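Working notes, structure below.
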Number of protein chains: 2
Amino acid sequence: MELKRGTDGEKGFEKVFAFLRERLLAGSLKPGDRLISERELATLLGVSRPIVREALRALTVLGIVEIRDRIGTVVTRPDVSVLNDFFTFALAQQADMLDDVMQARVAIECQAIRLACERANIADFERLQRALAKIGETIDEADAGGLADFDFHRAIVVASHSETLTVLHSSMAGLLTHSHRSRRELVQAFPSMKTYLIDDHRRIFEAIIARDPERADATLRKHFAIGDEYRRRAVVGDVDKTSASG
Amino acid sequence: MELKRGTDGEKGFEKVFAFLRERLLAGSLKPGDRLISERELATLLGVSRPIVREALRALTVLGIVEIRDRIGTVVTRPDVSVLNDFFTFALAQQADMLDDVMQARVAIECQAIRLACERANIADFERLQRALAKIGETIDEADAGGLADFDFHRAIVVASHSETLTVLHSSMAGLLTHSHRSRRELVQAFPSMKTYLIDDHRRIFEAIIARDPERADATLRKHFAIGDEYRRRAVVGDVDKTSASG
DNA sequence: GTCAGCATACTGGTCTGACCAAGATCAGAC
DNA sequence: GTCTGATCTTGGTCAGACCAGTATGCTGAC
């Protein structure tokens, strides 16, 4: 990595950032710790306060520290929001990335569901069941339905008890909700989707209950594939109730 | 999202950040564009220059813009380094996260290999083949061997032609190299690993050549599982040449 | 002795204005 | 028309200042 040893060579910002990074990585600065004040840091490193603020702000957007007004700067546990921001920006500038992100989402979820089969506990099962029920109840509503769909999938990832997977998954949350919602809007055009949505999710749920990773993965994968298929058909205007297309 | 409409309410930093974020997300600021100068931005938004710098610095660490000394600030294509930084920091503070990250790595790679089966071209095949050969050549070297191993796996992800997967994968590169290297050190203790390493990678390669996603995924997954198994046995000192354990 | 209340030191949040070094630009010399 | 150099502009940084609240501790009342 480009972890330059920061004795003196760097410019102001780099110096402060490297200084803090070292402590952070070495563990001498742990979550919960309060940093010394901006002024002290400035004099300590021989830079001006604005520079210190730049470094602190940088760490803030990275979710490493939190600047509390009139309190001080404290080290926080790494947060998701960074990835969220990143994906948000990245996506805005490359719309074609959306399909890519969906692939990543599939990757995360399929791995999560395998872990979920091993690690899920009663609470996870209950959460999944509730989400499943909600999907059935909101099948005709685009907004609520999309949310229920999203909740179910999130419940899968949560059940994996893997923080990293959860973080990655939720970092794509913004995009996923869009996707889920638009999928629900397709329900109007594709009545057959209702069965697909309900049955698929139920089958996925059952596979987790059965603690069968292979089946769960395969079912989930198929679920995504069918969703893609519907979306493709929607694009070409091939609706199953032979209505007019755009 | 917390995309507050930034007319005036926010504090200085938020105001500038929100202002730029809007342009970035709306697409009026595209990669390659040069922002107006810090001074102009400051007067335009009614804040001081240090504040503007904070916002620009924040965007910099997010990999959205690049501040070029004495040139100006330009919008860049979203970069991996953010995720790299994030994972680096996150991992430093939660060592237990490493296993989690490995799970994410498996997720990414298994998805990537499926895509690779569909999308890989001749160049990808050749890259894989070269990496495979390298693995055979460097089987007795810890460093070079670890690198060759890593290259092969990266080649898989590259062959998926999915930028997001590639980004995610390489963001975990730092950790993966460690993992690959320590695995190679195990080779000393487990002579049987040589066969495992070479044969497994070859089987993976063949599955991609055959363009069989299911087989490729399954083989890769098994590959990881066996690696885990070796690592577990190493921890408990169960070496296959009945040598002394630590 | 205890506790409320206020003064003060300290913190982040921000601004102003200034200086430096070097790329960018354009006028003027050739 | 081209080349060169002064000037403008840009980022990089600093110093010092003010504000608004927090935290602390001292003081005085009880």
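The values are calculated or read from the model by the stated rules, or taken from the named source; none is laboratory data. Fair warning: this is a prediction, and the values are worked out from it, not measured in the lab. With ideal geometry, Cβ positions are generated from the backbone for all residues, glycine too; neighbour counts draw on all protein chains shown. Just so you know, the surface numbers come from the protein's heavy atoms only, side chains and all, with ligands and any DNA or RNA stripped out. Shrake-Rupley method; radii C 1.70, N 1.55, O 1.52, S 1.80 Å.
So, in Å, what gap is there between the alpha-carbon centers of the stretch A:101-124 and the stretch B:107-149? If we compute the Cα centre of each part, the gap is 26 Å.
Considering the rotation that superimposes chain A on chain B, the residue of A whose beta-carbon lies nearest the axis, and that distance in Å, is A:Pro50, 2. Largest GNM mean-square fluctuation among A:Ser192, A:Ser81, A:Ser28, using chain A with Cα springs under 10 Å: A:Ser28.
Average 1/r across all pairs of distinct alpha carbons in the stretch A:48-125, invert it, and you get the Kirkwood radius: 15.7 Å.
Ranking B:Met102, B:Val167, A:Leu197 by Cα position along the charge dipole of the protein assembly as shown, where only Lys, Arg, Asp and Glu carry charges on their C-beta atoms, puts B:Val167 farthest toward the positive end. Of the GluC sites (Glu not before Pro) found in the stretch A:140-237, those in coil by DSSP whose Cβ has at most 14 other Cβ atoms within 10 Å are A:Glu141. Stokes-Einstein diffusion coefficient for the protein assembly as shown at 10 °C in a medium of 1.306 mPa s, Rh from the Kirkwood formula over Cα pairs: what value in µm²/s? Using the Kirkwood radius from Cα pairs, D works out to 64 µm²/s.
Of the whole protein surface, B:Met97 contributes about 10 Å² of accessible area at a 1.4 Å probe radius. The smallest convex shape that holds all Cα atoms of the stretch B:82-235, its convex hull, gives 96 Å³ per residue.
Helix B:81-93 and the long axis of chain B differ in direction by around 70°, with both axes built from C-alpha atoms. For the stretch A:207-238, trypsin sites (Lys or Arg not before Pro) meeting the loop criterion (DSSP other than H, G, I, E, B) and having at most 13 other Cβ atoms within 10 Å: A:Arg211.
Only Lys, Arg, Asp and Glu carry charge here, each on its Cβ (+1 for the first two, -1 for the last two); on that basis chain A has a dipole of about 580 debye about its Cα centre. Sparse packing (at most 14 other Cβ atoms within 10 Å of the Cβ) combined with a DSSP loop state is found for the following trypsin sites (Lys or Arg not before Pro) in the stretch A:54-160: A:Arg70.
In this simple spin-label model, placing a label point 7 Å from the Cα along the Cα-to-Cβ direction at both A:Glu206 and B:Thr76 gives a separation of 5.1 nm.
Between the residues B:Phe17, B:Leu132, A:Gly46, the greatest Cα displacement towards the positive end of the dipole of the protein assembly as shown, with unit charges on the Cβ of Lys, Arg, Asp and Glu, is found for A:Gly46. Going by alpha carbons, how many degrees (0 to 90, nearest 10) lie between the helix axis of B:97-119 and the longest principal axis of chain B? With rounding to tens, the tilt is 80 degrees.
Karplus-derived 3J(HN,Hα) values for the stretch A:60-74, using 6.51 cos²θ - 1.76 cosθ + 1.60 with θ = phi - 60°, are 5, 5, 7, x, 8, 10, 10, 8, 9, 3, 6, 10, x, 10, 10 Hz; glycine and proline are entered as x. Take every Cα-Cα pair in the stretch A:12-75 and report what % of them are more than 13 Å apart. The answer is 58 percent, as a whole percent. A Cβ-based charge dipole, computed about the Cα centre of the protein assembly as shown with Lys and Arg at +1 and Asp and Glu at -1, lands at about 820 debye.
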